[in-house]
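Some notes on the structure that comes next.
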Amino acid sequence: MLAVGLTGGIGAGKSSVARLLVEHGAHLIDADLVAREVVEPGGPAYQPMIDRFGPEILDPDGRIDRPRVAALVFGHPDALADLNAITHPAIGVEMIERKERFAGTDDIVVLDIPLLREIHREMLGLAAVVVVDLSTELALERLVGQRGMSEEDARARIGSQTDRQTRLDGADLVIDNSGDREHLRAEVDRVWSSLLDLRDASSAPPA
């Protein structure tokens with residue numbers, strides 16, 4: 001198994017890249033999806049979230065209201081730190097468990113992590129990190145034009161994330177998403193070929 005991290009700033013098109021990698025045969029583990037699952041009733045972070053933030057974070061169905069939690073922690077560093085301390089370990093454990101289901105295979109497993117940091121490389125045993133990249137101004141243009149965000153909101157979201165150069169500094173492979181759909185597909189094809197080479201090299205017996 002080859003474990004690969006996938007990341008990119010908001011508006012970079014990371015989800016589109018993930019879909020194209022799956023078309024090539026990759027298995028996808030989505031950190032955002034796991035984050036939603038661990039706070040579902042019965043999930044490992046569900047009761048700790050209620051204990052910390054109170055029953056008012058629940059919706060009428062007894063599920064955690066994520067926007068309500070976001071409003072509680074926005075602008076409150078201590079509350080945000082508590083939220084991360086509850087959810088991040090649960091997300092990490094679940095992602096490791098899902099990745100390990102492919103142990104002993106020659107599959108390529110892509111772990112989609114929006115805020116991927118160096119600690120994830122070690123914790124998840126990532127053989128490579130792929131960064132989806134485009135200019136900040138183009139990301140802003142797409143967020144406003146395609147997602148309907150206000151420019152102010154889009155700039156705030158971009159500004160709250162890891163800066164572009166830091167992401168690129170941590171990349172083993174970069175996918176340029178500044179062009180059209182066919183350009184993106186060609187970029188993913190190129191990176192997929194590199195991942196196959198990396199997998200084959202890592203599984204080859206020593207000379």
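What follows is calculated from the coordinates using simple rules that are stated; it is not laboratory data. Quantities reported herein were computed from a predicted structural model and do not represent experimental measurements. Reconstructed Cβ throughout: ideal geometry from the backbone, glycine too, with neighbour counts over all protein chains shown.
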Of all DSSP beta bridges with both partners in the chain, the antiparallel percent, nearest 5, is 5 percent
Treating only Lys and Arg (+1) and Asp and Glu (-1) as charged, each at its beta carbon, one finds that the range 55-112 has a dipole about its Cα centre, in Debye to the nearest 20, of 40 debye
Taking 6-14, 111-119 and ranking on average Cβ neighbours within 10 Å, highest first, one gets 6-14, 111-119
What the Cα atoms of the range 39-104 span along the principal axes, largest first and in whole Å, is 44, 28, 18
Rounded to the nearest 500, the 222 nm mean residue ellipticity computed for the chain from DSSP H runs (n ≥ 4, each -39500 (n - 2.57)) alone is -17000 deg cm²/dmol
Given 65-73, 19-27, the highest-first ranking by average Cβ count within 10 Å works out to 19-27, 65-73
Answer in debye to the nearest 20: the dipole magnitude of the chain about its Cα centre, from +1 Lys/Arg and -1 Asp/Glu charges placed on Cβ, is 40 debye
Cα-based Debye curve of the chain sampled at q = 0.17, 0.19 Å⁻¹ gives log₁₀ I(q)/I(0) of -1.25, -1.40
